[in-house]
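Input: a single structure, listed below in structure tokens.
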Amino acid sequence: MNIVVIGTGYVGLVSGVGFSELGNNVVCIDKDEKIIDNLNTGIIPIFEPSLEDLVHKNMKEGRLRFSKDLISEINNADIIFIAVGTPRGKEDGEADLSSVFSVAEELSKNIEKETIVAMKSTVPVGTMKIIEKIFKTKSNNKIIKTASVPEFLREGLAVNDFMQPSRVIVGSNYPEVHSTLYELHRPLIKSNKNLYFQTDTQTAELIKYASNAFLAVKISFINEISNLCEKIGANVEEVADGMGLDKRIGRWGLSTGPGYGGSCFPKDTLALIHTASQNESPLRIVEAAVSVNDSRKAFVFSKISEEFNNDLRNKNFGILGLTFKAGTDDLRDSPSMDLIPKLIEYGSNIRAYDPQGIDEARKKLEGPIVWCKDIYEASENVDAIIFMTEWSEFDSKNIDFNRIATLVKKKIIIDFRNMYKPYDITSLGFDYISLGRKVSRSID
Ligand code: UGA
């Protein structure tokens with residue numbers, strides 16, 4: 001099939017490349033000339049494992065192209081996917097749909113043959129209805145058929161999630177659209193037809209938001225259980241393992257941490273709450289999840305501050321991990337990006353290291369920060385090392401803690417991802433502070 005994907009962010013680029021890998025002819029379009037020029041020379045705008053190889057391979061084999069020119073491409077397409085950004089908009093959580101609507105306007109004026117327009121961007125429930133109206137009023141309605149095909153990619157695992165989806169949700173109010181979209185996705189669902197879930201557009205839109213909100217609730221739930229563990233002397237990791245053994249619950253989402261971040265959960269929970277309140281159908285559980293996640297930021301800061309008797313003046317901290325999770329270079333709503341300015345405000349100096357996020361972080365943060373090339377440089381003369389992101393580079397098997405012990409000023413490790421076994425750290429002479437587990441003092 002001939003496919004056009006509009007928008008070369010995470011979702012658009014991964015989907016476009018993925019569909020070309022399945023044998024389709026794909027053109028990815030972006031109005032950002034620099035991104036397209038870079039892609040045409042093989043430079044990928046995001047860090048996403050194995051994406052670069054697939055871009056090069058499919059370009060070479062002639063199935064993948066990049067273009068700035070929407071109008072000259074759309075009338076060759078069987079399916080057009082809209083995958084432009086829908087950032088957090090106004091204060092009350094409403095998503096900013098200006099890019100989505102401007103693409104819809106442009107399509108409505110320029111599409112001249114029967115085409116399916118499918119939404120991949122995460123758009124609030126009801127958006128496709130508005131887009132249908134735009135198509136009806138501004139174009140020959142009969143030739144544009146709409147669908148909602150939400151994406152469930154995780155950053156860092158996006159290629160894998162595209163190629164091996166847990167489900168393919170397709171919403172359309174046109175039966176014939178389903179047969180085309182089923183055909184497009186058939187190689188992904190292989191023998192398990194049940195993975196293709198067919199519904200109407202509004203339901204598909206809500207499945208996306210409800211899924212993300214449910215996972216955000218799960219994370220906030222374990223973070224509150226983690227707080228309780230600290231009070232009663234229980235171990236949150238074992239609580240999560242024990243709960244996760246129940247297949248109805250599952251272990252994913254039960255890792256306590258500094259709070260969920262990224263481009264999806266924070267934005268999508270707020271947008272869903274907004275839709276719910278507009279429809280006078282409040283989602284109190286999601287509201288609570290958001291409020292727990294917000295308070296996580298203050299909690300992370302106070303845990304560090306308390307360790308230093310609430311005097312952070314002239315303290316040096318090694319911050320390990322800047323991105324919102326491992327496997328990505330994305331800093332959006334990252335707990336580190338909130339914590340570092342606060343530590344600086346209270347008089348601390350920072351030594352920061354991240355395997356992927358340093359270049360972007362350097363542009364966003366200022367103050368007494370030394371940008372380091374590795375964990376050892378970030379440990380020099382610090383009062384505590386603070387782990388914020390669970391990079392595999394930070395696994396105990398990949399770190400020489402004995403070397404770190406010779407570099408630091410004070411042997412304190414604060415681990416907001418519970419990456420280590422307390423005894424492994426305390427037996428090397430460090431105090432070890434983690435989440436939802438007892439503080440373990442050095443046994444030196
Ligand atoms: C999330 C969803 O997992 C994807 O299914 C969805 O497609 C995507 O949003 C999206 O809407 O585009 P992503 O934001 O890439 O994916 O990252 P996750 O791996 O879900 O992690 C989100 C946040 O939750 C991170 O800050 C992570 O550290 C945190 N988290 C995750 C926890 O604190 N504990 C956990 O157990 C799991």
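The values are calculated or read from the model by the stated rules, or taken from the named source; none is laboratory data. Computed from a predicted model, the values in this text were never measured in an experiment. Cβ: placed from backbone, ideal geometry, glycine included. Neighbour counts: every protein chain shown. In case anyone asks, the SASA skips ligands and DNA or RNA and just uses the protein heavy atoms, side chains included. Shrake-Rupley method; radii C 1.70, N 1.55, O 1.52, S 1.80 Å.
Being assigned to a helix (DSSP H, G or I), of a type in the set (A, V, I, L, M) and either closer than 24 Å to ARG332 by Cα or within 16 Å of the ligand (Cβ to nearest atom) (or both): is that true of VAL5 here? Spelling it out, it is not the case that VAL5 is assigned to a helix (DSSP H, G or I), of a type in the set (A, V, I, L, M) and either closer than 24 Å to ARG332 by Cα or within 16 Å of the ligand (Cβ to nearest atom) (or both).
Per the conditions (1) among the β-branched types (Val, Ile, Thr); (2) without any contact (Cβ under 8 Å) to a residue 40 or more places away in the chain; (3) open to solvent by 50 Å² or more (accessible area, probe 1.4 Å), the sole criterion not satisfied by ILE358 is (3). If a residue has to be closer than 21 Å to ALA289 by Cβ and assigned to a loop (DSSP other than H, G, I, E, B) to count, how many in region 229-258 make the cut? Qualifying residue count, region 229-258: 12. Scanning region 324-346 for residues that are β-branched (Val, Ile, Thr) and within 11 Å of the ligand (Cβ to nearest atom) yields a single hit, THR328.
Among the residues here, ILE232 does not qualify as open to solvent by less than 50 Å² (accessible area, probe 1.4 Å), out of contact with any Asp or Glu (no Cβ under 9 Å at 6 or more places or on another chain) and either away from the ligand (no atom under 12 Å from the Cβ) or not assigned by TED's automatic domain parsing to the domain that holds THR275 (or both).
Conditions (1) crowded, with 18+ Cβ neighbours inside 10 Å; (2) assigned by TED's automatic domain parsing to the domain that holds GLY250; (3) assigned to a helix (DSSP H, G or I), marked per residue:
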| site | (1), (2), (3) |
| --- | --- |
| SER166 | no, no, no |
| ILE169 | yes, no, no |
| SER179 | no, no, yes |
| TYR182 | no, no, yes |
| ARG186 | no, no, yes |
| ALA204 | yes, no, yes |
| ALA213 | yes, yes, yes |
| VAL217 | yes, yes, yes |
| GLU224 | no, yes, yes |
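Selection over region 401-423 of residues that are under 31 Å from the mean Cα position of the chain (by Cα) and open to solvent by 70 Å² or more (accessible area, probe 1.4 Å) gives a count of 1.
If you go through region 235-260 one residue at a time, how many are under 24 Å from SER334 (Cα atoms) and either more than 10 Å from the ligand (Cβ to nearest atom) or surrounded by 17 or more Cβ atoms within 10 Å (Cβ to Cβ) (or both)?
If we filter region 235-260 for residues that are under 24 Å from SER334 (Cα atoms), which is where we start, we get 236-237, 240, 251-260.
In the following step, the residues that additionally are either more than 10 Å from the ligand (Cβ to nearest atom) or surrounded by 17 or more Cβ atoms within 10 Å (Cβ to Cβ) (or both) were identified as 236-237, 240, 253-260.
Number of matching residues: 11.
Check region 300-309 and report whether any residue there is within 11 Å of the ligand (Cβ to nearest atom), among the charged types (D, E, K, R) and either within 26 Å of VAL370 (Cβ to Cβ) or buried (at least 23 other Cβ atoms within 10 Å of the Cβ) (or both). Quick ask: steps written out before the conclusion?
If we filter region 300-309 for residues that are within 11 Å of the ligand (Cβ to nearest atom), which is where we start, we get none.
No, region 300-309 has no match at all.
For region 8-30: of the residues being of a type outside the set (Gly, Ala, Ser), under 18 Å from the mean Cα position of the chain (by Cα) and not in a loop (DSSP other than H, G, I, E, B), which is surrounded by the fewest Cβ atoms within 10 Å (Cβ to Cβ)?
Let us first name the residues in region 8-30 that are of a type outside the set (Gly, Ala, Ser), namely 8, 10-11, 13-14, 17, 19, 21-22, 24-30.
Among the residues that remain, those that are also under 18 Å from the mean Cα position of the chain (by Cα) are: 8, 10-11, 13-14.
Filter once more, so that each one left must be not in a loop (DSSP other than H, G, I, E, B): 10-11, 13-14.
Numbers: TYR10: 23, VAL11: 27, LEU13: 26, VAL14: 27.
For region 8-30, the residue satisfying everything is TYR10.
As a summary of the residue check, ARG88 satisfies the conditions (1) within 16 Å of the ligand (Cβ to nearest atom); (2) buried (at least 23 other Cβ atoms within 10 Å of the Cβ) except for the one numbered (2).
If you go through region 277-285 one residue at a time, do you hit one that is touching a residue at least 40 places away in the same chain (Cβ under 8 Å), away from the ligand (no atom under 14 Å from the Cβ) and not assigned by TED's automatic domain parsing to the domain that holds MET163? Yes, region 277-285 contains a residue that is touching a residue at least 40 places away in the same chain (Cβ under 8 Å), away from the ligand (no atom under 14 Å from the Cβ) and not assigned by TED's automatic domain parsing to the domain that holds MET163. Which residues, counting only those in region 31-49, are outside any loop (DSSP other than H, G, I, E, B), in contact with a helix residue (DSSP H, G or I) (Cβ under 9 Å, 6 or more places away or on another chain) and either open to solvent by 60 Å² or more (accessible area, probe 1.4 Å) or not assigned by TED's automatic domain parsing to the domain that holds LEU64 (or both)? Of everything in region 31-49, just one residue is outside any loop (DSSP other than H, G, I, E, B), in contact with a helix residue (DSSP H, G or I) (Cβ under 9 Å, 6 or more places away or on another chain) and either open to solvent by 60 Å² or more (accessible area, probe 1.4 Å) or not assigned by TED's automatic domain parsing to the domain that holds LEU64 (or both), namely ASN40.
How many of the residues in region 161-174 are touching a Ser or Thr at 6+ places or on another chain (Cβ under 9 Å) and free of Cβ contacts under 8 Å to residues at least 60 places away in the same chain?
Step one: of region 161-174, the residues touching a Ser or Thr at 6+ places or on another chain (Cβ under 9 Å) are 162, 169-174.
Imposing the further condition that a residue be free of Cβ contacts under 8 Å to residues at least 60 places away in the same chain reduces the set to 169-174.
The number of residues fulfilling the criteria is 6.
Within region 85-116, being of a type in the set (Val, Ile, Thr) and over 20 Å from GLY261 (Cα atoms) holds for VAL100, VAL103, ILE111, THR115, ILE116. Selection of region 91-133 for residues being open to solvent by 20 Å² or more (accessible area, probe 1.4 Å) and either part of a helix (DSSP H, G or I) or at pLDDT 95 or above (or both) yields SER98, SER99, PHE101, SER102, GLU105, GLU106, LYS109, ASN110, LYS129, ILE130, GLU132, LYS133. Taken over region 57-74, the residue count meeting the criterion of being in a loop (DSSP other than H, G, I, E, B), of a type outside the set (Lys, Arg) and free of Cβ contacts under 8 Å to residues at least 40 places away in the same chain is 2. Can you find even one residue in region 316-337 that is open to solvent by 10 Å² or more (accessible area, probe 1.4 Å) and in a strand (DSSP E or B)? Yes, there is a match, as at least one residue in region 316-337 is open to solvent by 10 Å² or more (accessible area, probe 1.4 Å) and in a strand (DSSP E or B).
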